[in-house]
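These notes are about the structure you will find just below.
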Amino acid sequence: MGVQKDAGELLLFFYDMLVNKGESTVGTQEVLTETNWDGKRINFAYNYLNDLGILKSGGGCGNIKSAQIFFVMRLLPNGINIIENQPEFKRNFGFEVNLGLIKFSWGLSEK
């Protein structure tokens, strides 16, 4: 799996947690626990999203299992637009998404 697809899945995870489930923040530990990805993979995906400017997030010093410490507080409007506009999501991340049934490579979550 490439960085672009990983970033798309991570963005969907943030959307699911922050928008669908109403969490106030999602951090490194939650991503590690949910995905079982190694730290390097998480860093590439998170940095890709952060560089797109679609996350309101912060970070701390250090790392957890080689993953940089971060927390995402919310998705910015452009991030939500990308997720909720299926052609735009596919153009940015290379795969289609159905928000009624968000499917992750590490499992399945129903809305």
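Readers should treat all values here as calculations from the given coordinates under stated rules, not as data from a laboratory. In this text, all values refer to a predicted model and were calculated from it rather than measured experimentally. Here the Cβ positions follow ideal geometry from the backbone for every residue, glycine too, while neighbour counts run over all protein chains shown.
Brief remarks on what is shown
- Radius of gyration, Dmax [segment 3-110; alpha carbons; angstrom]: 12.7, 37
- Label-point gap, in nm, between I64 and T33 - each point 7 angstrom along Cα→Cβ: 0.8
- In the chain, helices alone account for a calculated mean residue ellipticity at 222 nm of -13500 deg cm²/dmol, with every DSSP H run of four or more residues adding -39,500 (n - 2.57).
- Taking Cα centre as origin and charging only the Cβ of basic (Lys, Arg, +1) and acidic (Asp, Glu, -1) residues, the dipole magnitude of segment 3-110 rounds to 200 debye.
- Full-extension gain in nm, R91 to F71, via 0.36 nm per residue minus C-alpha separation: 4.6 nm
- Contact order for the chain, expressed relative to its length and based on alpha carbon pairs under 8 Å spaced 6+ residues apart, stands at 28 percent.
- Helix 3-15 axis, angle to the chain major axis (alpha carbon atoms, nearest 10°): 80
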